[in-house]
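Take a look at the structure set out below.
The values are calculated or read from the model by the stated rules, or taken from the named source; none is laboratory data. No experiment lies behind these values; they were computed from the predicted model shown. Because the Cβ atoms are built from the backbone with ideal geometry, glycine has one as well, and the counts that use them run over all protein chains shown. Just the protein is used for accessible areas: all its heavy atoms, side chains included, with ligands, DNA and RNA removed. Shrake-Rupley method; radii C 1.70, N 1.55, O 1.52, S 1.80 Å.
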Amino acid sequence: MSPPAPAAVRDRLRIAIQKSGRLGEPSRALLASCGLDWRESRDRLFCYGESLPVDLLLVRDDDIPGMLAEGVCDLGIVGRNVLAEQAAEREARGLPEAARELFALDFGGCRLDIAIPDAWEWEGPAQLQGKRIATSYPWLLRRWLERQGIDAEVVVLSGSVEIAPRLGQADAVCDLVSSGATLAANQLRPVLTLLESESVLAGAAHAPAGARGRLQEQLLRRMQGVLRLKDSRLLMFQAERSRVPDVLKLLPDADPPTMMQLDGQDTLALQTLCRGTMTWQRLEDLRQAGARGLMVLPVERSLA
Ligand code: PRT
Ligand code: ZN
């Protein structure tokens with residue numbers, strides 16, 4: 001446990017993000033679009049929040065779950081894979097949950113897959129019995145093997161997992177995959193997915209109280225607003241009441257629309273937030289189904 005911080009420091013919210021690596025830039029961009037800006041310390045490890053009392057800690061992603069557990073930060077942006085690995089380790093050691101996923105952030109998508117040499121004929125999980133599997137995610141892998149009733153040797157490596165079979169260190173691997181190019185380059189192919197991952201906003205097991213808690217809620221609302229608007233457009237149109245159901249059938253990705261009856265007519269004016277791309281073809285299909293005066297507008301901000 002870290003010593004309690006002085007009262008003035010505790011009023012400020014702290015968010016840990018990856019210093020560099022894949023999630024660093026998109027994490028900063030997301031927080032900036034929530035209206036945050038910072039002054040960076042000379043050592044580039046700390047960013048002092050200027051517009052809101054929200055500071056950033058720039059760290060290695062693997063340190064984020066532990067920092068949440070120790071109360072060093074209130075929130076963290078980290079891959080679900082890292083969070084789940086730490087949770088699996090705590091579970092195995094009989095420790096209580098220390099950090100939890102609040103919501104997914106829609107970047108850094110990948111999978112934690114088991115991959116085998118191209119030359120193997122895949123016969124199912126039982127084939128891994130007695131094999132050596134190299135991974136940087138030993139707790140998730142061990143838990144999965146245990147649940148499957150498979151007795152395999154877990155070879156823990158901190159990097160370059162994909163080359164382990166070629167070096168004779170392992171028979172198969174359990175590693176993160178996005179495009180699959182790295183596996184293919186090492187004559188491996190994925191056969192099982194243990195975890196679908198992406199970057200997530202993680203919070204401490206217990207949300208902070210008082211001013212810090214209110215600040216956290218405010219920030220979470222802003223983040224959800226930003227995520228909600230990603231690729232969203234406001235669609236406005238008119239349609240005769242009888243044709244509205246047909247038009248709405250073409251908008252499965254839209255929120256329930258706001259409808260207004262135009263005076264003395266059987267025509268409704270509708271507006272709704274759509275998540276999918278609003279191509280010309282979609283607009284033409286909507287027109288065909290009875291929508292008139294279609295307008296697609298960008299949405300800048302939203303607060304639920
Ligand atoms: O320095 P620090 O410890 O902070 O960074 P890091 O090197 O541990 O992490 P980094 O920046 O590589 O990844 C951060 C997070 O990005 C991961 O925890 C995942 O949540 C996410 N992510 C998304 C990925 C990938 N995609 C990914 N493809 N992390 C790693 N990879 C690696 C994978 O390990 C493999 O070596 O990329 C290779 C496979 O890529 P493909 O495209 O060839 O399949
Ligand atoms: Zn890391």
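For the range 39-70, give me each residue that is without any contact (Cβ under 8 Å) to a residue 60 or more places away in the chain, open to solvent by less than 60 Å² (accessible area, probe 1.4 Å), away from ligand 1 (no atom under 13 Å from the Cβ) and of a type outside the set (S, T, N, Q).
C47, G49, D55, L56, listed by residue number.
Among the strands (runs of 3 or more DSSP E) contained in the range 198-291, which hold 2 or more residues that are under 30 Å from L23 (Cα atoms)?
Fully inside the range 198-291 and qualifying: 199-204, 233-240, 267-274.
Being in contact with a Ser or Thr (Cβ under 8 Å, 6 or more places away or on another chain) and open to solvent by 40 Å² or more (accessible area, probe 1.4 Å): is that true of P190 here?
Here the answer is no, as P190 does not meet what is asked.
Out of (1) farther than 29 Å from A32 by Cβ; (2) touching a residue at least 60 places away in the same chain (Cβ under 8 Å); (3) in contact with a Lys or Arg (Cβ under 6 Å, 6 or more places away or on another chain), what's the single condition that is false for M295?
Going through the list (1) farther than 29 Å from A32 by Cβ; (2) touching a residue at least 60 places away in the same chain (Cβ under 8 Å); (3) in contact with a Lys or Arg (Cβ under 6 Å, 6 or more places away or on another chain), M295 breaks only (3).
Filter the range 93-129 down to the residues that are free of Cβ contacts under 8 Å to residues at least 60 places away in the same chain and open to solvent by less than 70 Å² (accessible area, probe 1.4 Å) and list them by number.
G94, W120, G124, Q127, L128
Under the condition of being in contact (Cβ under 8 Å) with a residue 60 or more places away in the chain and of a type in the set (A, V, I, L, M), which residue from the range 228-252 is farthest from R275 (Cα to Cα)?
M236
Within the range 232-243, how many residues turn out to be farther than 16 Å from M295 by Cα and touching a strand residue (DSSP E or B) at 6+ places or on another chain (Cβ under 9 Å)?
Qualifying residue count for the region: 2.
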